Amino acid sequence: MPPFKKYLFAPGPTPVPPEVALEMARPIVHHRTPEFSAVLDQARQRLKPLMGTEQEVLLLASSGTGAMEAAVANLLNPGDAAIYVNAGKFGERWGRILTAFGMAAHEVKVPWGNAVMPGQIEEALQEHPQARAVLIQASETSTTAVHPVREIAAITRRRDVLLIVDGITSVGVFEQKMDEWGIDALVTGSQKALMLPPGLGIAALSPRAWARAAKARSPRFYFDLNRELKAQRDEHTTAYTPAIGLIYGLNKSLEMIHSEGLPTVFARHRLMARAAQAAATALNLKLLAAENPAPGVTGMLVPDRIDGSRLVRYMRDVIGVTVQGGQDQMKGKLVRIGHMGYVAPLDILIAVGALEMALRREGYEFHSGAGVAAAQAEIASGA
Ligand SMILES: *Cc1c(COP(=O)(O)O)cnc(C)c1O
């Protein structure tokens, strides 16, 4: 029998609050109307504190990768050199986008689970002085590690090198001070911390990035950020038909985020991460990113003898709790519990309880309830 109630703990897509779902169920509004313009303007405005910017925030109808592609196509020219951090699947994606657009992509390879060291960026820039940009994830969701974006921005801002940051599991999860730190492009998507279904790409550029965009020669049509800027800033609508329902939902989810208060939202994510980490320790499971674990997703290594894919499948199909396994070399070896967006600290008890059930079924030895108890203690200490 399929599980009666399902729980989603993926690091994207994430659960959608009923308030947001209801907002999106409203009759469709035409996008060339004052009514839509007011919602678009408000949503774009409400995104600014999450990204730490006073710059224009643009909405695109695409998944997060569309916003990544837009950053590359609008800020770099074919033949330009760029440095990208490959510390996992999403870092690798920067390299693939750069290559697709004809740039010379120089990889800084980092073992899975590690954060890049700022010194490695310095070195790469010395080795490739012609590089025009550094591309990185704030949080590499595939390995659950956080990169030191602030320190890297301190390096790029002193040079004519743009810092392009994939903030897809960091915007709305932990502090991003785009303007203050000197990030030049910050992109995100709707289906992680923003508590929405997939379908919106979000991007903001620094003044020096806009200056680059004005002269960029890469082929682009749909993802032309100059055109979107004119439409969204000056005409209060989008260049093409927007994802109208999602934008209404976004405005609602941002209202919820601001009424909770950003510092509280960030603290809630930190607490959920600490609870999940404490559970891992109590269950004697190592974290893949032990040094720099992400506040939005926790990656636990599956003990050697256990098939992590089967574990994850049992949790999803038999007991109705969706978590995610590992990708590529971590396939079958990693369990990732997402705790981003519409997730509360007590929800972690469900995820950990389900994980314990799956581990016990695989014959793993531990004190029953140890993980749940550790998570409870952490939540109680932070409540
Ligand atoms: C989810 C995610 C993406 C991919 O976004 P899509 O919406 O699937 O295109 C990119 N980068 C990071 C860090 C992510 O977590």
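The values are calculated or read from the model by the stated rules, or taken from the named source; none is laboratory data. Since the structure is predicted, the reported quantities are computational estimates derived from the model, not experimental observations. As a convention, Cβ positions derive from the backbone with ideal geometry for all residues, glycine included, and neighbour counts pool all protein chains shown. Calculation scope for accessible area: heavy atoms of the full protein, side chains included, ligands and nucleic acids excluded. Shrake-Rupley method; radii C 1.70, N 1.55, O 1.52, S 1.80 Å.
Figures for the structure shown
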read-out	value
Qualifying helices (runs of 4 or more DSSP H) (wholly inside segment 1-95; at least 1 residues being of a type in the set (Asp, Glu) and either within 21 Å of the chain's Cα centre (by Cα) or within 16 Å of the ligand (Cβ to nearest atom) (or both))	64-75
Residues that are of a type in the set (Asp, Glu) and within 18 Å of Glu140 (Cα to Cα), drawn from segment 102-122	Glu107
Matching residues in segment 21-55 - criterion: being more than 22 Å from Gly261 (Cβ to Cβ) and loosely packed, with under 15 Cβ neighbours inside 10 Å	Leu22, Ala25, Arg26, Pro27, Ile28, Val29, His30, Arg32, Thr33, Pro34, Glu35, Ala38
Given (1) out of contact with any helix residue (DSSP H, G or I) (no Cβ under 8 Å at 6 or more places or on another chain); (2) touching a residue at least 12 places away in the same chain (Cβ under 8 Å), number of the condition Met195 does not satisfy	(1)
In segment 1-20, residue nearest to Tyr248 (Cα to Cα) [restricted to those that are open to solvent by 50 Å² or more (accessible area, probe 1.4 Å) and aromatic (Phe, Trp, Tyr)]	Tyr7
Selected residue (only one of Lys286, Lys252 is outside the structural domain of Val352 (by TED's automatic domain parsing) and basic (Lys, Arg))	Lys252
Out of Asp179, Asp160, Asp234, sole residue that is in contact with a Ser or Thr (Cβ under 7 Å, 6 or more places away or on another chain), surrounded by fewer than 24 Cβ atoms within 10 Å (Cβ to Cβ) and either acidic (Asp, Glu) or modelled with pLDDT under 95 (or both)	Asp179
Hey, Arg313 of a type in the set (D, E, K, R) and within 23 Å of Val265 (Cα to Cα) or not	no
Lone unmet requirement of (1) touching a residue at least 24 places away in the same chain (Cβ under 8 Å); (2) surrounded by fewer than 24 Cβ atoms within 10 Å (Cβ to Cβ); (3) more than 25 Å from Val149 (Cα to Cα) for Ser206	(3)
